Amino acid sequence: ISSNLGNLTIGTLNSTAGSTVLTAENGNIGITAVDAGQNIDVTDNAGNVNITTANAGNNLAVAAGNGDVTLTTVDAGNNISVNNKKGKISLGSITSGKALELTAVNGSIDGNTLKSGTLTSLYYKDGGLTVDKIFAGEDFVLKGMNGDTWIDYADSGANMDLSVINGNLTINNMISGSNINAFIESGDFYTKKAESADDMTLNSRNGNISVVNGVAGNRMTLETINGDLFAGNVKSGDDMLITTDKGNIVIDEAFGGNNLNVRTTVGDIEVGNARSGKGNLIVNTDIGSLKIKGEMESGKDSLILVNEGTLAIDKVKVFKDLVVTTNIGDIIINKILSEAGNINLSAETSGNLLVGEVIADQDVNLSTSGGKIDSNGRIESMSANVNLVSEGRGGINVHELLARKDVKGLAEDGDIMITRLNGRNVVLVVNHDGNSV
């Protein structure tokens, strides 16, 4: 059925054993109900398309050149494709037995519930996308050029590949049977809940990333070049990387099944609790402060670095070695435990070491080049040595200093004060005006 000039308006159209083809060159197409045993093809080059109910045994295709497309309830046994060059695509309940493909070149995509047996592919150039629910039997692919994307719920049986060039990407709840990959060139990413059976990679070049709850069966990567990162409660079965070149990082709870790496070049880091399962825990900021409000626990080694800024941690527990270093800035730690390794705390250029309880199975080394060492608790090596070096003003003030083997203390420009001291060999040196005592 075709119309060269004028509208096509149909109440009910049935083609139970064949296909239905509707074409309008310069007018609107309006259909209340259409049913075809094979295919349904609707083309409108210059007008709106409005279909209330459509049922296709095989494929259903709608193409519009200059007008809005509105589909209320549509079902197809195989594929559904909707292509609009200029105008909106508005969808109610759309169900395809196989692939579902939507393309809006110059206009938005709005939908209620989209279901596909295999692939769900959504593309917009200029306009954005708003959909309540998406169910893809296999892959879910989103490609957006200019405009914001908002999805309340997205579920894919296989991979989820999402990209937006210029705009924000919000998916409140997202579940993938395999990998989740999201990339934004310029814009923010937000999700309340994200789950992937395998890897999860969320990346924004210029924008913030916020993950309230996230679980990856394998690796998890949260990365932005220029923007802040927020992770509420995140967990990965293998390695976890949370990184930004320029921005702040805030983490409530983070667990990496193997290694956990948190780093920013310029910005502050604030963490509630962080834990690595079998591997290393590394936290690093070049210019900015670091604050761990809860506990840090590493299944192996832990390296905590701040170049310029204060480093403050409540509790740290590692299985092997712990290295905590600032170039310029104080180190403030309430409690440290290394079950089978060494503890090394160092303020390399200037900064104080202000600690509570420090206990290691092996060596404990505390040094500052331009500050004091102050402990109101116990510093102890269960099986080896304790070495304290203060090259700045303020000296060494420790409540308890205990070692299985040797204790060495050096104060270049200050006093040494120790309430309780025990070690196999003890050497304490205080330098005043070039003279050692």
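The values are calculated or read from the model by the stated rules, or taken from the named source; none is laboratory data. Keep in mind the model is a prediction, meaning the values are calculated, not measured. So basically every Cβ, Gly included, is an ideal-geometry build from the backbone, and we count neighbours across all protein chains shown.
Data for the structure
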quantity: Residue, surrounded by the most Cβ atoms within 10 Å (Cβ to Cβ), within region 148-166, restricted to residues that are in contact with a strand residue (DSSP E or B) (Cβ under 6 Å, 6 or more places away or on another chain) and under 14 Å from ASP188 (Cβ atoms); calculated: VAL164
quantity: Of all residues making up region 14-61, the number that are modelled with pLDDT of 90 or more, surrounded by fewer than 19 Cβ atoms within 10 Å (Cβ to Cβ) and either charged (D, E, K, R) or touching a Cys at 6+ places or on another chain (Cβ under 6 Å) (or both); calculated: 2
quantity: Matching entry among LEU402, LEU345 (being more than 35 Å from the chain's Cα centre (by Cα) and not β-branched (Val, Ile, Thr)); calculated: LEU402
quantity: Candidate set from region 221-265 (those that are small (Gly, Ala, Ser) and part of a strand (DSSP E or B)); member that is farthest from VAL211 (Cα to Cα); calculated: GLY256
quantity: Scope region 70-79; condition surrounded by 23 or more Cβ atoms within 10 Å (Cβ to Cβ) and without any contact (Cβ under 8 Å) to a residue 24 or more places away in the chain; matching residues; calculated: LEU71, VAL74
quantity: Candidates VAL82, VAL74, VAL69, filtered to the one that is within 20 Å of VAL34 (Cβ to Cβ) and out of contact with any Leu (no Cβ under 7 Å at 6 or more places or on another chain); calculated: VAL69
quantity: Which numbered condition ALA64 misses (of (1) under 40 Å from the mean Cα position of the chain (by Cα); (2) over 24 Å from GLY117 (Cβ atoms); (3) surrounded by fewer than 21 Cβ atoms within 10 Å (Cβ to Cβ)); calculated: (3)
quantity: Residue satisfying all of: in region 410-429; at pLDDT below 90 and either assigned to a strand (DSSP E or B) or in contact with a helix residue (DSSP H, G or I) (Cβ under 7 Å, 6 or more places away or on another chain) (or both); surrounded by the most Cβ atoms within 10 Å (Cβ to Cβ) among these; calculated: GLU412
quantity: Residue count for region 117-135, restricted to those that are of a type in the set (Gly, Ala, Ser), within 15 Å of ALA154 (Cα to Cα) and in contact (Cβ under 8 Å) with a residue 24 or more places away in the chain; calculated: 0
quantity: Cross-chain or 6+ apart pairs with Cβ under 6 Å, region 162-179 first and closer than 13 Å to GLY128 by Cα, then aromatic (Phe, Trp, Tyr) and assigned to a strand (DSSP E or B); calculated: SER163/PHE183; LEU169/PHE189; THR170/TRP150; THR170/TYR190
quantity: Sole exception among (1) within 13 Å of GLY167 (Cβ to Cβ); (2) surrounded by fewer than 24 Cβ atoms within 10 Å (Cβ to Cβ) for LEU119, by number; calculated: (1)
quantity: Residues that are among the small types (Gly, Ala, Ser), within 14 Å of LEU142 (Cα to Cα) and assigned to a loop (DSSP other than H, G, I, E, B), drawn from region 97-128; calculated: ALA99, SER108, GLY127, GLY128
quantity: Which numbered condition ARG219 fails, given (1) in contact with an Asp or Glu (Cβ under 8 Å, 6 or more places away or on another chain); (2) under 15 Å from SER186 (Cβ atoms); (3) of a type in the set (D, E, K, R); calculated: (2)
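Condition check ((1) closer than 27 Å to ASP252 by Cα; (2) in contact with a Cys (Cβ under 7 Å, 6 or more places away or on another chain); (3) in a strand (DSSP E or B)) across all residues:
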| position | (1), (2), (3) |
| --- | --- |
| ILE292 | yes, no, yes |
| GLU297 | yes, no, yes |
| ASP314 | yes, no, yes |
| ILE336 | yes, no, yes |
| ASN344 | yes, no, yes |
| GLY370 | no, no, no |
| GLU380 | no, no, yes |
| ALA384 | no, no, no |
